[in-house]
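Visitor: Let me begin by handing over the structure; questions about it come next.
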There are 2 protein chains.
Amino acid sequence: MSALRLLTHPLGREVTGGVVKTSLNRFSAQCTSVAARKLSTHMSCQKCLTLDNLNPNIKVMEYAVRGPLVIRAAEIEKELKEGKKKPFKEVVRANIGDCHAVGQIPITFIRHVLALCAYPELLKDPKFPEDAKAHARTILQGCRGGSVGSYSDSPGIEIIRRHVAEYITRRDGIPANFEDVMLSDGASNAIKVILKLLICECEGKKPGVLIPIPQYPLYSASLAEFDMEQIGYYLDEDSNWSLKTEELERAISVGKTKSTPRAIVVINPGNPTGQVLERKNIEDIIKFAHKHNLFLLADEVYQDNVYAPGSAFHSFKKVLIEMGAPYNEMELASFMSCSKGYMGECGIRGGYSEVINLEPEVKKMLNKCISAMLCPNTIGQATIDCVVNPPKEGDPSYATFIKEKQGVLSSLAERARMVTETFNSVEGMSCNTVQGAMYAFPRIHLPQKAIDKAKSLNQDPSVFYAFQLLEETGICIVPGSGFGQVEGTYHFRTTILPQPEQLKSMLKTFKTFHQKFVQEYK
Amino acid sequence: MSALRLLTHPLGREVTGGVVKTSLNRFSAQCTSVAARKLSTHMSCQKCLTLDNLNPNIKVMEYAVRGPLVIRAAEIEKELKEGKKKPFKEVVRANIGDCHAVGQIPITFIRHVLALCAYPELLKDPKFPEDAKAHARTILQGCRGGSVGSYSDSPGIEIIRRHVAEYITRRDGIPANFEDVMLSDGASNAIKVILKLLICECEGKKPGVLIPIPQYPLYSASLAEFDMEQIGYYLDEDSNWSLKTEELERAISVGKTKSTPRAIVVINPGNPTGQVLERKNIEDIIKFAHKHNLFLLADEVYQDNVYAPGSAFHSFKKVLIEMGAPYNEMELASFMSCSKGYMGECGIRGGYSEVINLEPEVKKMLNKCISAMLCPNTIGQATIDCVVNPPKEGDPSYATFIKEKQGVLSSLAERARMVTETFNSVEGMSCNTVQGAMYAFPRIHLPQKAIDKAKSLNQDPSVFYAFQLLEETGICIVPGSGFGQVEGTYHFRTTILPQPEQLKSMLKTFKTFHQKFVQEYK
């Protein structure tokens, strides 16, 4: 053992006088790379797990939404707490779609039901409305032993899956089958499970998955983790981030040189881009997927977040079924979450997916695959139940529920407008209309000097810009490079979630910063 | 599209007169195996995801605890509901450690805190004790925006991680660092994350992981999913399922022919075997792991479940640190869950791991890896907080808490005794003392005729036995083959969880069944 290791003793005790001896047995046992065999300065080789022998897929994986910028933001928050002087008073976290963190109030009905499920003694409490109680009783009856503390079936509590199917049926006007519904801890887990099924080398080539650029980094991170080929297709910024079939064709032909394309991911409403796809556009994508025999993954977690006049949410399921044969038999997985919409229950981790048209044998494999993960958390399942089976007219909770829901959604619509307008009013910025979801993805036109400066620091110019913004204003956004952008263009993603007054002030500060930044690097 | 596909229309509509035409483009695009290219009877090739091109690791994965036997048990439950006559009135689910499902009552203090966190209005309710309120307030202060609906940091809410570190410090008498603590959705997720880091081909060989046989099938399932080599070491049934160094050496030398061994898993107290390891045994394992440069994974989720007089839980962390250099610098991950112990909150999905002595660069990779999964569910985190920071003497909840906790644990101890004694009283069965955890793993000595009969059905004799038991008595257990057993020996795992009266009656029925079974195949 080396002195160096002793000095980094896990208990933080200062160890002195440790004998420096190297256990050669341990050394030679496993290290294969030449670099690792060398007595490197940080002695990495004495651990059994080092950067040299760590899962290479994890090494290359990136997750920008929680990347270095966010780590720096947390440091700044600590510095502010410790009284360090900054040109701002607080960090504004516009980097993540985390509604309650920036002041959104939970929906009372949901929290009533969760409290009743967690502590059923409250069913006797007259302060809780009868419909919330009935709701909780139904959920508890679906739990073994009447407790949310028991494991559910791996695809979730049956009655909740049935409620999800009824919700989809109402939404689309097309029957849904509860056996196609799988509950999950948020949408992310379900997305990863479906991607995982598709991992299979084909004619010596990796499996490939088409994802939009810009994209939500869960996809790039998961594809990296699974060693699947990321086939990026560019959304067309000039036509409000729509998908063009020609671009899809270009992307897949490039993708085919390195991989066997197996699936296409579409995020609608868009993250980070905020567009809402038109029905015709969805039909084109379905036809394209059919032509190339691709599994469809429709990330529809923002289905309740549609703001722009004239925009409407069309589910892939509805469009695909209505298109008739042969499209209505295509494999499709659609994802939903309780983290977004008007509820914003991110921390609870609830979600569902509807997976249709699977081969029966494949469905068995899917069920087996999720069974080893035991079950999604039951409180998340209960939350999804509230989302798909909300109070009805005449129920005691109805008026409050509608008021709260519409309050959130109309305020978000107002904020979407405010964000779009403000960014478009800044010279050197342009921003497509935020039609839906919770984000804007404005383009920034940076002076050449700023680009050169960034490159001299080995940073993408959008990263350089975002760090400057954070240090000078406390505003934390995610640079465009974390989502992907057309070469030579620069963007950032901001949420529209800060409460109206804070958002107004943030946008004002942002505008001033941008003007100063451009001036500085002119 | 073929008529067959039209007949299996997802909406269940009967479609007639569909034109049978085969889309050859889609056909030829992806199917590589000769079998798949053929127009097989089930037309599997028309789907983009088939058994032929599904992730091969998922295909071989097994998870016995929720396998075919459990599926059959659910069918039988439905048949009983529909009024079908059976020689029993209900299915007894002794297959899974699902405490609340079989009548265990939740710990009131935990449920108080969860209800308060879910619906903070209850903080004003005088019916809730002040210590539960203080507890909930602390958790809510740790949540952004004061809501469990906001995302936490990926390793969990900081104050809860600090409470976990304090708990470990008290338990072991050795300081723990909160930055080594990572909260998770149950223990399973954390175990998979650590295994995932270790995936790395070395000198053209797969990474290998030593796991006990019999083992908890999460391990075999995860290793199959990750295409890692399972290196089984046999627990010694003749010395109450202890680990022998010679057997570990034998296993690793076999393992090395096919893989690069990288880690060893130890489950203590044992699942499915119910033993509690002695300190000397743990020291031997640590020395073995050090000698072979193995990452230690200590599955210690049953640390509160120790029943036998003279048995005591020793954490790997404590033993390893107390052994001093060089052992105290070994990499170790220890796992804990809120699903077991006296709380049995399986459905809530809360857990934590303490991971010590990682290379700093590796730790960064671990943090990055979990960040893409956003965060463990906050209600599960709150539950872990209650477990590691329970009411103290003098707190208003203390008396009830202790009464409930000790009530569960002493009843479990009584049931452990009852199960051991009963199985040992049956001719042709032998059962090691259930010293801890929640399971017995008795050996059954089957008549040759029964073994032949099972083999004629292409079943492991333990599977055949378990199916017979289920059909004739409604008792659902897991056959030994799901956990692994020495060739030519047969076992089953049963939980000790049914409530005392139900357990007594189950054991009586079981005894009668076994005698009849042996008689039948004599």
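Visitor: Name the residue that is surrounded by the fewest Cβ atoms within 10 Å (Cβ to Cβ), counting only residues in region B:114-155 that are of a type in the set (Ser, Thr, Tyr), touching a Pro at 6+ places or on another chain (Cβ under 9 Å) and within 21 Å of B:SER353 (Cα to Cα).
Guide: To start, the set of residues in region B:114-155 that are of a type in the set (Ser, Thr, Tyr) comprises B:119, B:138, B:147, B:150-152, B:154.
Next, from what is left, pick out any that are touching a Pro at 6+ places or on another chain (Cβ under 9 Å): B:119, B:147, B:152, B:154.
Filter once more, keeping what is within 21 Å of B:SER353 (Cα to Cα): B:152, B:154.
Numbers: B:SER152: 25, B:SER154: 20.
If we take residues in region B:114-155 being of a type in the set (Ser, Thr, Tyr), touching a Pro at 6+ places or on another chain (Cβ under 9 Å) and within 21 Å of B:SER353 (Cα to Cα), then B:SER154 is surrounded by the fewest Cβ atoms within 10 Å (Cβ to Cβ).
Visitor: Taking the criterion of being at pLDDT 95 or above, touching a Leu at 6+ places or on another chain (Cβ under 8 Å) and among the aliphatic types (A, V, I, L, M), would at least one residue in region A:505-516 satisfy it?
Guide: no
Visitor: Right, something else. Within region B:80-119, how many residues are over 30 Å from B:PRO217 (Cα atoms), part of a helix (DSSP H, G or I), in contact (Cβ under 8 Å) with a residue 40 or more places away in the chain and more than 8 Å from chain A (Cβ to nearest Cβ)?
Guide: The total comes to 4.
Visitor: Checking B:GLY103 against (1) open to solvent by 20 Å² or more (accessible area, probe 1.4 Å); (2) on the phi < 0 side of the Ramachandran plot; (3) small (Gly, Ala, Ser), which test does it fail?
Guide: Failing condition for B:GLY103: (2).
Conditions tested, residue by residue: (1) over 19 Å from A:VAL92 (Cα atoms); (2) open to solvent by 30 Å² or more (accessible area, probe 1.4 Å).
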{"residue": "A:MET429", "(1), (2)": "yes, no"}
{"residue": "A:ALA450", "(1), (2)": "yes, no"}
{"residue": "A:ALA454", "(1), (2)": "yes, no"}
{"residue": "A:PHE464", "(1), (2)": "no, no"}
{"residue": "A:GLU471", "(1), (2)": "no, yes"}
{"residue": "A:PHE492", "(1), (2)": "no, no"}
{"residue": "A:GLN499", "(1), (2)": "no, yes"}
{"residue": "A:MET506", "(1), (2)": "no, no"}
{"residue": "A:THR509", "(1), (2)": "no, yes"}
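Visitor: How many residues are surrounded by 18 or more Cβ atoms within 10 Å (Cβ to Cβ), assigned to a loop (DSSP other than H, G, I, E, B) and in contact (Cβ under 8 Å) with a residue 40 or more places away in the chain if we restrict to region B:431-448? Outline the logic, then answer.
Guide: Here is the first cut: in region B:431-448, the residues surrounded by 18 or more Cβ atoms within 10 Å (Cβ to Cβ) are B:431-444, B:446.
Keeping just the survivors that are assigned to a loop (DSSP other than H, G, I, E, B) gives B:431-435, B:437-438, B:441-442, B:446.
Adding the requirement that they be in contact (Cβ under 8 Å) with a residue 40 or more places away in the chain leaves B:432-435, B:437-438, B:441-442, B:446.
Residues meeting the conditions: 9.
Visitor: Shifting gears a bit: Which numbered condition in (1) at negative phi; (2) crowded, with 22+ Cβ neighbours inside 10 Å is the only one that B:TRP241 fails?
Guide: Looking at each condition in turn, B:TRP241 falls short on (1).
Visitor: With farther than 26 Å from B:LEU374 by Cα, assigned to a loop (DSSP other than H, G, I, E, B), assigned by TED's automatic domain parsing to the domain that holds A:LEU183 and not basic (Lys, Arg) as the only criterion, which of A:GLY347, A:GLY324, A:GLY394 stands out? If you could, list the steps in order and put the result at the bottom.
Guide: Numbers: A:GLY347 fails: farther than 26 Å from B:LEU374 by Cα; A:GLY394 fails: assigned by TED's automatic domain parsing to the domain that holds A:LEU183.
From the options A:GLY347, A:GLY324, A:GLY394, the qualifying one is A:GLY324.
Visitor: Scanning region B:183-216 for residues that are β-branched (Val, Ile, Thr) and more than 7 Å from every other protein chain (Cβ to nearest Cβ), which turns out nearest to B:ASP299 (Cα to Cα)?
Guide: Initially, region B:183-216 is screened for residues β-branched (Val, Ile, Thr), giving B:191, B:193-194, B:199, B:209, B:211, B:213.
Now narrow it down to the ones that are more than 7 Å from every other protein chain (Cβ to nearest Cβ): B:191, B:193-194, B:209, B:211, B:213.
Numbers: B:ILE191: 8, B:VAL193: 14, B:ILE194: 12, B:VAL209: 14, B:ILE211: 11, B:ILE213: 14 Å.
Going through the qualifying residues, I end up with B:ILE191.
Visitor: For region B:189-210, what are the residues that are of a type in the set (A, V, I, L, M) and open to solvent by less than 10 Å² (accessible area, probe 1.4 Å)?
Guide: B:ALA190, B:ILE191, B:ILE194, B:LEU195, B:LEU197, B:LEU198, B:VAL209, B:LEU210
Visitor: Okay, moving on. Of everything in region A:120-136 that's closer than 21 Å to B:PHE109 by Cα and in contact with a Leu (Cβ under 7 Å, 6 or more places away or on another chain), which residue is nearest to the other protein chains (Cβ to nearest Cβ)?
Guide: Per the criteria, the residue is A:LEU122.
Visitor: Being surrounded by fewer than 22 Cβ atoms within 10 Å (Cβ to Cβ), hydrophobic (A, V, I, L, M, F, W, C) and more than 10 Å from chain A (Cβ to nearest Cβ) is the filter here; which residues of region B:320-362 pass it?
Guide: Result: B:MET323, single match.
Visitor: In region B:156-175, how many residues are surrounded by fewer than 24 Cβ atoms within 10 Å (Cβ to Cβ) and outside any helix (DSSP H, G or I)?
Guide: 3
Visitor: Oh, and also: Working carefully through the options B:PRO175, B:PRO207, B:PRO155, B:PRO217, find the one that is assigned by TED's automatic domain parsing to the domain that holds B:HIS292, touching a strand residue (DSSP E or B) at 6+ places or on another chain (Cβ under 9 Å) and closer than 19 Å to B:PHE335 by Cα. Show your work before the answer.
Guide: Details: B:PRO175 fails: touching a strand residue (DSSP E or B) at 6+ places or on another chain (Cβ under 9 Å); B:PRO207 fails: closer than 19 Å to B:PHE335 by Cα; B:PRO155 fails: assigned by TED's automatic domain parsing to the domain that holds B:HIS292.
After ruling out the rest, the residue left standing is B:PRO217.
Visitor: Now for a separate question. Any chance region A:372-380 includes a residue that's over 30 Å from B:ASN377 (Cβ atoms) and part of a helix (DSSP H, G or I)?
Guide: At the first step, the residues of region A:372-380 found to be over 30 Å from B:ASN377 (Cβ atoms) are none.
No; the residues of region A:372-380 include none that is over 30 Å from B:ASN377 (Cβ atoms) and part of a helix (DSSP H, G or I).
Visitor: Then there's this: Hey, B:GLN459 hits all of (1) part of a helix (DSSP H, G or I); (2) at pLDDT below 95 but one; which does it fall short on?
Guide: Against the list (1) part of a helix (DSSP H, G or I); (2) at pLDDT below 95, B:GLN459 comes up short only on (1).
Visitor: Is there a residue in region A:418-426 that is surrounded by 22 or more Cβ atoms within 10 Å (Cβ to Cβ) and closer than 29 Å to A:VAL276 by Cα? I'd like the intermediate steps shown before the answer.
Guide: Just the residues of region A:418-426 that are surrounded by 22 or more Cβ atoms within 10 Å (Cβ to Cβ), to begin with: A:419, A:423.
Among the residues that remain, those that are also closer than 29 Å to A:VAL276 by Cα are: A:419, A:423.
The answer is yes, given that some residue of region A:418-426 is surrounded by 22 or more Cβ atoms within 10 Å (Cβ to Cβ) and closer than 29 Å to A:VAL276 by Cα.
Visitor: Next question. Return yes when A:LEU69 is over 30 Å from B:MET343 (Cα atoms) and at pLDDT 95 or above and no when it is not. Can you show your working first?
Guide: Values: over 30 Å from B:MET343 (Cα atoms): yes; at pLDDT 95 or above: no.
No.
Visitor: A further question follows. Go through region A:176-190 and count every residue that is assigned to a helix (DSSP H, G or I) and among the charged types (D, E, K, R).
Guide: Here is the first cut: in region A:176-190, the residues assigned to a helix (DSSP H, G or I) are A:178-180, A:186-190.
Restricting the remaining residues to those that are among the charged types (D, E, K, R) gives A:179-180.
Residues that pass the stated criteria total 2.
Visitor: Mind listing whichever residues of region A:282-321 are outside any helix (DSSP H, G or I) and over 24 Å from the mean Cα position of the chain (by Cα)? Talk me through it step by step, then tell me what you get.
Guide: So in region A:282-321, the residues outside any helix (DSSP H, G or I) come out as A:292-315.
Within region A:282-321, A:HIS292, A:ASN293, A:PRO309, A:GLY310 qualify.
Visitor: Residues of region B:248-298 being farther than 22 Å from B:ARG493 by Cβ, away from chain A (no Cβ under 14 Å) and crowded, with 20+ Cβ neighbours inside 10 Å, which ones?
Guide: Result: B:LEU248, B:ILE282, B:ILE285.
Visitor: Restricting attention to region A:449-479, and to residues there that are over 28 Å from the mean Cα position of the chain (by Cα) and touching a residue at least 60 places away in the same chain (Cβ under 8 Å), which single residue is farthest from A:PRO87 (Cα to Cα)? Spell out the reasoning first.
Guide: Here is the first cut: in region A:449-479, the residues over 28 Å from the mean Cα position of the chain (by Cα) are A:449-453, A:455-457.
Then drop every residue that is not touching a residue at least 60 places away in the same chain (Cβ under 8 Å), which leaves A:449-450, A:453.
Details: A:LYS449: 24, A:ALA450: 22, A:LYS453: 23 Å.
Checked region A:449-479; the qualifying residue farthest from A:PRO87 (Cα to Cα) is A:LYS449.
The values are calculated or read from the model by the stated rules, or taken from the named source; none is laboratory data. No experiment lies behind these values; they were computed from the predicted model shown. Note: ideal-geometry Cβ built from the backbone for every residue, glycine included; neighbour counts use all protein chains shown. Surface areas here come from the heavy atoms of the whole protein model, side chains and all, with no ligands, DNA or RNA. Shrake-Rupley method; radii C 1.70, N 1.55, O 1.52, S 1.80 Å.
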